Amino acid sequence: EESGQFSFEKRRQRHPIFKHRHELLYLVKKHGVTVVVGETGCGKTTQLPQYLMEAGWAEGGRLIACTQPRRIAAQTVALRVSEEMRVSLGAEVGYSIRFEEVTTPGVTKIKFLTDGVLIREMMADPLLSRYSVIMVDEAHERSVTTDVLLGLLKKIQKRRPELRVIIASATMDAASVATFFDTSAERIKVSSVTESLPDRKPASITVEGRSHSVRVHYSMDPVSSYVLASVSTTLSIHKMEPAGDILIFLTGQDDVDAVVNLLNTEAENFPRNSPGLLVLPLFAGLSRADQELVFRPAAQGRRKVIVSTNIAETSVTIPGIVYVIDSGFAKQRFYNPLTDVDALVTAPISRASAEQRAGRAGRMRPGKCFRLYTEDTYCNDMKPETVPEIQRSNLVSTVLQLKALGIDNIMRFDWLAPPSSEAMIRALELLYAIGVLDTDAKLTTLGHQVAEFPLDPMMAKMVLSSSSNSCSSEAVTIAAMLSVQSIWVSSKGRQRELDDARDQFAVVEGDHVTYLNVYESFLRAKQSPQWCHENLINYQAMKTVVDVRKQLSKLLQQLGITLKSSDGDIKCILKTVTAGFFAHAAELEPSGDSYKLVRGGQQMYIHPSSVLFRTTPKWVVFHSVMVTERFYMRDVAISDPEWLTEVAPHYFERRRRSQLPS
Ligand code: ADP
Ligand code: MG
């Protein structure tokens, strides 16, 4: 139905942002910074970069960047824009996300990339000199990397005043960002040509939406399970309401899978000839083929139900939605500098998020939003705005990256919202303990390597220190296995089966060595999709692992580290895991089921998905924390107090403030 250049052109002119095309291009020409506020779906992400290209901003080998907080958004919008421009993905329009670059040097003009990847590019090209315009998208989300990127761009503009920055946001009060970027009162020495330079006062523009009214319905009573409530609400919408697709907001892949399975089971019982449901999941780890399904219209007479995490809140626009079901929750990062625990917590969303979610229902015609919480909860319990992520995150990666970019005084970095000094101190302590900072808080040689390695610092440390235990081959496999969302197929509804499948591979030393076992079995099975299917292993995820592993191995080789295998010496592997993750060491408590974090003292439990869930060894290290009613350790390996003192002799002593690196 979208055939011919003509229809695409027509379509493009129908976006609300089209009316502002001239004004936008004028502002970008005249001002160093332009803040664009426009409701989700008005055309910021897909249209603005095209306008810029048409106006000549990508001429002379320059690039237009558009950053996204999420990998999946970078992929889907790049694909969409390449379709609109009728070019193949990776040619004029491409994307770059960690472990996957789909661009062509010399050809690509518009590049969608995660803000993390753009920050990483600064390590090789500190002034981002290839870019003429950088559009920071979804700025209202205030992710850690977006905040850091904005601070860095402000700094770059002092050296490169001709660089244009566009800040696109669905909700943010534009004034605060505009103020942050307003350097017009500062005296800045600019070398020679001043005439052609843009105004240092930021411009702001608001693009009105095209949305219809959305009627909001609240739950009468608090809901005990939003999984079950979203299933029953979907069924009653399907029964009572006229045609129109449904979008359900849940928190993570687990509940998404649960709802998809429950709805599919229900749909099997529909009477013949009654209109059916097409139920599709949407979450960050989805394969590209599955992502594309979400955007396709359902066959005639069927109602599409998209079951999503909060990625459909603003960053991905799905056409055809008339009904929204909002669980009222999202997985969010929370960090406590006192216990030094950084965890993903399922927590209530803010009222601003709830409004965004409801808004998804009004894109096509008047819609309805069903909130699975009471009006009282909305008014009295939900915060008006989401707290910026930087104020509820562990700062280890951020501090390391800033240090690697030559920003020594982290405390005095120009933050959009400053993080707490406790969190900064914790980060500096850890970076010192893993040996990437010296006593003057300067990057060591290892520090430069860790900063450039595309893994979080603890994982990078594990991989880089593996050569001293002669198990680099295993270390890169573990890192690659932990870099995918999950190597198992969707679990809900078939938990028993999945436990059995996992038990076949279980190794008593813990999840890391179990992952090695899965990977090696996959190779022995000649990477067969059939074998994966039989063992409930996600074939796509394993292909990604193979690819990521190849990239990491290459990077290690470039650093002069040859891939050696420990030939079955599991102790070496465990020691290597400890060398990276000692900060996540926990000791079994006398009760025999809970653990205590060695530093910080937080009480923890082994997550039921871990192979160590039943054996509860005395000492463990783990990869990440998940919080529901308890603090759960995920991806757990056996450790040993001797190894801990060996790899981090001072980390567990209570150090005096004066001894902290500053
Ligand atoms: P914004 O960034 O302002 O939220 P977008 O540029 O993402 O808006 O989307 C503009 C419009 O383009 C949307 O309203 C939607 O109708 C359409 N659109 C965007 N992505 C897709 C897609 N992958 N498939 C179909 N339509 C899309
Ligand atoms: Mg957008």
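Rule-based calculations on the coordinates, nothing more; no lab input. Since this is a predicted model, take the numbers as computed values, not measurements. For neighbour counting, all protein chains shown are included, and Cβ atoms are generated from backbone atoms with ideal geometry for every residue, glycine included.
Residues that are among the basic types (K, R) and assigned to a loop (DSSP other than H, G, I, E, B) were ranked within the range 296-312; the one that is farthest from ligand 1 (Cβ to nearest atom) is R302.
Yes/no per residue for (1) more than 22 Å from V463 (Cβ to Cβ); (2) over 27 Å from the mean Cα position of the chain (by Cα):
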{"position": "D499", "(1), (2)": "yes, yes"}
{"position": "R502", "(1), (2)": "yes, no"}
{"position": "G510", "(1), (2)": "no, no"}
{"position": "V513", "(1), (2)": "no, no"}
{"position": "F522", "(1), (2)": "no, yes"}
{"position": "K554", "(1), (2)": "no, no"}
{"position": "Q558", "(1), (2)": "no, yes"}
{"position": "A585", "(1), (2)": "no, no"}
{"position": "P590", "(1), (2)": "yes, yes"}
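Taking each residue of the range 561-589 that is on the phi > 0 side of the Ramachandran plot and looking for partners that are buried (at least 20 other Cβ atoms within 10 Å of the Cβ) and part of a helix (DSSP H, G or I) with beta-carbon atoms closer than 8 Å, six or more apart or interchain, yields nothing.
Restricting the range 313-331 to residues that are among the small types (G, A, S) and within 16 Å of ligand 1 (Cβ to nearest atom), the residue that is surrounded by the most Cβ atoms within 10 Å (Cβ to Cβ) is S315. Determine whether I110 is within 11 Å of T67 (Cβ to Cβ) and touching a helix residue (DSSP H, G or I) at 6+ places or on another chain (Cβ under 8 Å). So I110 fails the test. Flag set for A55, criterion: hydrophobic (A, V, I, L, M, F, W, C), more than 29 Å from the chain's Cα centre (by Cα) and either over 23 Å from A139 (Cα atoms) or within 15 Å of ligand 2 (Cβ to nearest atom) (or both). Taking the criterion of being crowded, with 19+ Cβ neighbours inside 10 Å and assigned to a loop (DSSP other than H, G, I, E, B), the residues of the range 389-412 that qualify are S393, N394, L395. Close contacts from the range 318-338, counting a first residue that is within 15 Å of R426 (Cβ to Cβ) and away from ligand 2 (no atom under 16 Å from the Cβ) and a second that is of a type in the set (A, V, I, L, M, F, W, C) and not in a loop (DSSP other than H, G, I, E, B), with Cβ to Cβ under 7 Å and a gap of 6+ residues or different chains, come to R333/L344; F334/A343; F334/V345; Y335/A423; P337/A423.
Annotation note: of A417, A460, A433, the sole residue that is crowded, with 19+ Cβ neighbours inside 10 Å, within 21 Å of L338 (Cα to Cα) and among the small types (G, A, S) is A433. When the range 97-119 is filtered for residues that are of a type outside the set (A, V, I, L, M, F, W, C), surrounded by fewer than 20 Cβ atoms within 10 Å (Cβ to Cβ) and in contact with a Pro (Cβ under 8 Å, 6 or more places away or on another chain), only R98 remains. Checked against the criterion of being crowded, with 22+ Cβ neighbours inside 10 Å, in contact (Cβ under 8 Å) with a residue 24 or more places away in the chain and more than 16 Å from ligand 2 (Cβ to nearest atom), the candidates G32, G41, G94 yield just one match: G32. Inside the range 407-426, can you point out the residues that are hydroxyl-bearing (S, T, Y) and free of Cβ contacts under 8 Å to residues at least 60 places away in the same chain? The one that is hydroxyl-bearing (S, T, Y) and free of Cβ contacts under 8 Å to residues at least 60 places away in the same chain: S421. Here the condition is being in contact with a Leu (Cβ under 8 Å, 6 or more places away or on another chain), assigned to a helix (DSSP H, G or I) and free of Cβ contacts under 8 Å to residues at least 40 places away in the same chain; of E429, E497, E474, it holds for E497 alone.
Scanning the range 59-87 for residues that are away from ligand 2 (no atom under 13 Å from the Cβ), out of contact with any Leu (no Cβ under 7 Å at 6 or more places or on another chain) and not acidic (D, E) returns G60, G61, R62, L63, R71, Q75, M85, R86, V87.
Here the strands (runs of 3 or more DSSP E) wholly within the range 57-162 that include at least 2 residues being within 16 Å of ligand 1 (Cβ to nearest atom) and not polar (S, T, N, Q) are 63-68, 93-97, 110-114, 131-136.
Among the residues making up the range 477-494, those that are touching a residue at least 60 places away in the same chain (Cβ under 8 Å) and either surrounded by 22 or more Cβ atoms within 10 Å (Cβ to Cβ) or in contact with a strand residue (DSSP E or B) (Cβ under 7 Å, 6 or more places away or on another chain) (or both) are T477, I478, A479, A480, M481, L482.
The residues of the range 7-56 that are of a type in the set (D, E, K, R), more than 10 Å from ligand 1 (Cβ to nearest atom) and closer than 20 Å to E92 by Cβ, listed by number, are E9, R21, E54. Only one entry of K304, K383 meets the criterion of being among the charged types (D, E, K, R) and over 26 Å from T46 (Cβ atoms), and that entry is K383. Only a single item in (1) in contact (Cβ under 8 Å) with a residue 60 or more places away in the chain; (2) in contact with a helix residue (DSSP H, G or I) (Cβ under 7 Å, 6 or more places away or on another chain); (3) within 16 Å of ligand 2 (Cβ to nearest atom); (4) not basic (K, R) is not met by Q356, and it is number (2).
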